Amino acid sequence: MTDEPRSSGLDHPDDDPTTNGVGAPKTNGTDVPDFVAARDHVRDELVRFARALRRAGVDVPANAATTAARALVVVGFDDHERARTALRACLVTDRADRATFDDLFAEFWRRLTAGLDPGGPAERADDGPDGGFAPLDAAPAPGDPDRAGEENDDGTEDADRDRKRWDHGAVVGRGENAADDEEATTARYSPSGRRTAVSVPGFSEGGLDDPFRALTNALAELAGRRWGPGDDTPDVRRALRASVGTGGTVIDVPERERQRTAVRACLLVDVSRSVLDVLDRSFLVTFLRRATAEWRDVRVFFFDEDIREVTESFDARTSKGAIDALERAETEWGGGTRIGASLARLRTDSPEAVSRESAVFVLSDGLEMGDVDSLEREAARLSRRAGAVFWCNPLAASVEYEPTARGMAAALPYVDGLFAFSGPADLAEMAHQLDRRGQHGRIGYEYDPRRIGTDHHSATHPTS
Amino acid sequence: MTADRTAAFADATEADVRAAFDAENYVAGDEISTTVSLALQLGKPLLVEGEPGAGKTELAKVLAGGFDADLIRLQCYEGLTAESALYEWNYTKQLLTIQAAGGPGSGAADHGTGDEVGSDGSGGNDESTRASESVFAEEFLLERPLLRALRGDRARVLLIDEVDRADEAFEALLLEVLSDFQVSVPELGTVRAETPPVVVITSNRTRGLSDALKRRCLYLHVAPPSLEKERAILERKVPALDGAVAAELCGAAGRLREEPLLKPPGAAETIDWGRAIAALRRDGNGESLDRAEIEHTLGCLLKEVEDIERVDDDLLATLLDAADAARVEADP
């Protein structure tokens, strides 16, 4: 490797490391390369590249551009592949982002090498921001002629996709542009946007904290590795440590046991129109994100006519990925719900998603458009394979609800509990029942005191 | 390896990394060697992700072996605490020391009469005070992997394996170690690494890692090996196996991975399988795999009863076809 381009920058006087290798291979023998300009150019392009990646949804660490610059100095500029590998190691932290990186890298490399070539006109930062690498504060409006011209090289489909990224992307610090109508609406998903703009009245993310914690505690069946007070085994270490204070005499022997802290779950979400019309989406998305973040090995599937795993969409810090996935599922699947067929697909394609240790949540109204027998068969199989199956039905929040829909009636014997699912209060109730009576006890919507309360005291259901 | 190898990881070029991989029979593509040499030169921890059995842990072992460095391994699990990762006091030894020091002193106090009390009693108290002060000293410290990695003076590779299994509290502890290569032990003070170890962190991606951790690392995704690469691995790792048979094994394993298995076999499983076949055919003959051979050694590849049940006659026939195809391709 010693004969590789790393050494190419050693023979010029400029001692700034970022100029190493820059321009040296590109000189035509007569011109003295402008190292300072080349260094600035590389720096600008790297910053643009990192910003473009972020805008495309890649989770680029804050200091990544600095690391990338150091990496470029090490690997040099001669070998396209090595530079790409090096930058990928610095800028990408998720395998799923590799494709996006490779897409945008081609453009970055073209700009970078064009700028380093003394013969060709360098596209410098002072040309004005344009194309896919415009800095954040100079985002072109959709339909910008300059931008459209450049994008057309790759086909209009790409241009459309990029515009979508713009529309959903984090648009911050817009200055006077913020007055633009179009951008005012797209700012809905912005991290700096007001939270109330997204939330439906009556629901705030904070309201989910206590019910969700209660639910986690009620469901936590798995022993974690952590020890806590208990009566399984004597805690010799604590006894000895305490004895230091009493001159080595062990006075009391505390006991300990493994704390049961972990929940393993599989969440199957019906995204048919009939469910989404009655269910508060922000509640749904928040619940799914909390579950994915806080429980162990959670798998999330959306189903309607078919089933699709969307777990990765919930990994991101913002709910944008989840909302996108939800919207995609909604537009792709128009028709009826085929719960039985979806469960069958889950069993054959992702058998590992459900195990004896996992709690399965089916979030659905149970309105089956497919074969009810198949639903019954699959529900039975699911209940045999899973630790517990809970059916969360947004319709059950109504006090008059009875599971008379054919699909729901068919699946009911195989679920451990059918619960209402329309807001934090329903989660709290579910957690309360699970905590008091266990996962296989007398639980479900029929034991909901709010419902019983209406029968006897004609109280109203708080969330209906 | 040679003495200059151990001198400094920071001077390691990509060619050195390749040579180290070669010496340790680790088959790596350009991406892996470039990224690893970059991590060495920039002095950054390397975060390695990939399917189980893709060779993540092996990468760290090979790095230690190839550069003649010590490998310090920390296996993560849920509930991993600072005591098991960083350091712990040797309570039993502390207790014995206190008792040994305090014993005669208290005895003298109990039985002491007249002038004995003045001299022996106070002397015993001094000893006991000294003992309790000194029980938080070096000799009572049990070094755990992280501290060991910071305090060594030879070249070291610190492997933090399956960091996604540990909880976020542990990740936070790692941050101090990874950014400054130092930790604070309240009783002893701050321990700083003279020469920072090379850090390799592996993750199976069962949960997302914190941004703070990712920010400190270079990222490398180890893809499952291609058919050719897997064959090269097998030939390096199981030299007793005939080349054509190795191709067959890789073909069959590759075909098996297309099935929706609970636990698809990784490259490590293929190596096990190769060793099993080589052990069964002691004479080293190069005949084609047969159905019975596959059936009897399936346990090397599949580790779930559901997966093994999935292999019926049809699938066996498909596997044999894939094996034949791979043999023809490798040796036309």
Item checked: B:Leu261 being within 22 Å of B:Val222 (Cα to Cα) and either within 14 Å of chain A (Cβ to nearest Cβ) or of a type in the set (S, T, N, Q) (or both) -> yes
Next item on the list: Would you check if there is a residue in segment A:419-429 being more than 19 Å from A:Leu279 (Cα to Cα) and not basic (Lys, Arg)?
Entry: no
Notebook entry, point to check: Mind checking whether some residue in segment B:296-307 is at pLDDT 85 or above and more than 30 Å from A:Ala344 (Cα to Cα)?
Noted result: yes
Next item on the list: Report the residue count in segment B:165-187 for those that are surrounded by fewer than 17 Cβ atoms within 10 Å (Cβ to Cβ) and touching an Asp or Glu at 6+ places or on another chain (Cβ under 9 Å).
Entry: 2
Next item on the list: Could you check how many residues of segment A:231-286 are outside any loop (DSSP other than H, G, I, E, B), within 12 Å of another protein chain (Cβ to nearest Cβ) and of a type in the set (Gly, Ala, Ser)?
Entry: 4
Checklist line | Residue in segment A:24-36 that is modelled with the highest pLDDT, counting only those that are part of a helix (DSSP H, G or I) and open to solvent by less than 50 Å² (accessible area, probe 1.4 Å) | finding: A:Phe35
Check: How many residues are within 9 Å of another protein chain (Cβ to nearest Cβ) and either surrounded by fewer than 21 Cβ atoms within 10 Å (Cβ to Cβ) or farther than 25 Å from A:Ala69 by Cβ (or both) when one looks only at segment B:6-43?
Finding: 6
Item checked: strands (runs of 3 or more DSSP E) enclosed by segment B:135-187 - at least 3 residues per element that are under 16 Å from the mean Cα position of the chain (by Cα) -> B:156-161
Item checked: Residues located in segment A:73-100, provided they are over 22 Å from B:Gly208 (Cα atoms) and within 10 Å of chain B (Cβ to nearest Cβ) -> A:Val73, A:Val74, A:Val75, A:Asp79, A:Glu81, A:Arg82, A:Ala83, A:Arg84, A:Thr85, A:Ala86
Notebook entry, point to check: Given A:Arg39, A:Arg82, A:Arg88, A:Arg110, which one is surrounded by fewer than 16 Cβ atoms within 10 Å (Cβ to Cβ) and free of Cβ contacts under 8 Å to residues at least 40 places away in the same chain?
Noted result: A:Arg110
Next item on the list: Might you let me know whether segment A:342-358 holds any residue that is modelled with pLDDT of 90 or more and in contact with a helix residue (DSSP H, G or I) (Cβ under 6 Å, 6 or more places away or on another chain)?
Entry: yes
Notebook entry, point to check: Residue check: is A:Thr292 assigned to a helix (DSSP H, G or I), open to solvent by less than 70 Å² (accessible area, probe 1.4 Å), without any contact (Cβ under 8 Å) to a residue 40 or more places away in the chain and closer than 30 Å to A:Pro351 by Cα?
Noted result: yes
Margin query: If I ask for residues that are away from chain A (no Cβ under 13 Å) and surrounded by fewer than 17 Cβ atoms within 10 Å (Cβ to Cβ), which ones from segment B:199-228 would you list?
Written below: B:Ser226, B:Leu227, B:Glu228
Notebook entry, point to check: Which residue out of B:Ala54, B:Ala60 is touching a strand residue (DSSP E or B) at 6+ places or on another chain (Cβ under 8 Å), more than 14 Å from every other protein chain (Cβ to nearest Cβ) and not aromatic (Phe, Trp, Tyr)?
Noted result: B:Ala60
Note to self: Let me spell it out: the conditions are (1) open to solvent by 20 Å² or more (accessible area, probe 1.4 Å); (2) touching a residue at least 24 places away in the same chain (Cβ under 8 Å), and A:Ala397 meets all of them except one. Which number is the exception?
What the structure shows: (1)
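The values are calculated or read from the model by the stated rules, or taken from the named source; none is laboratory data. Quick caveat, the model's predicted, so the values are computed rather than measured. Cβ: placed from backbone, ideal geometry, glycine included. Neighbour counts: every protein chain shown. Heavy atoms of the whole protein, side chains included, go into the accessibility calculation; ligands, DNA and RNA do not. Shrake-Rupley method; radii C 1.70, N 1.55, O 1.52, S 1.80 Å.
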